[in-house]
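**Q** Before anything else, here's the structure in question.
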Amino acid sequence: MFDNRMFEAGSWGAEFHPDLTPGPNDVTIAPHKNLDVFATTDLDIQLKRRGVEHVVVAGMIGTMCVESTARSAMERGYRVTLVPDATAPDGGPDSYEQMLRRYALIAHEVLTTDELLATGPFHSR
């Protein structure tokens, strides 16, 4: 990912969905080099400082980084929502179905992007 400069600012795929663009009070973190984003960043401190109790996790490889981060968030006491249609599995359709079954076990809720967006605003703007 880093050698290929994936998700480099200004490159294809690096921008946020217009409805999910971080606001001035939202927490964003720099790219990390660990499966669990909590392990090598100050994310937990940043979220607790702001009183955040619910995290929504989606990402590039659902069976690695997304699952690891979701599990870590659960262990830290956050309410966790996973968004599988905004997450890539590490294989084909069978891999996606397996990912969905695991997600039901490691999250409080599993929502599609449309369902998530329908739940209301995400920013304290």
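**Q** What full-extension length gain, to one decimal in nm, is calculated for residue 64 and residue 27 as 0.36 nm per residue of separation minus the Cα-Cα distance? Write down the numbers at each step before the final one.
**A** Numbers: separation 37, 0.36 × 37 = 13.32 nm, distance 2.18 nm.
Roughly 11.1 nm would be gained on extension.
**Q** Once all Cα-Cα distances of the stretch 53-125 are split into 5 Å bins that start at 0, what whole-number percent is in each one?
**A** It works out to 3, 18, 29, 25, 16, 7, 2, 0, in whole percents.
**Q** Please list, ordered by chain and number, the residues whose modelled amide H lies under 5 Å from the amide H of residue 56; skip anything fewer than 5 residues away on the same chain.
**A** 81
Bear in mind that the values in this text are calculations on the coordinates, not laboratory data. Being a predicted model, the structure only gives us computed values, none of them experimental.
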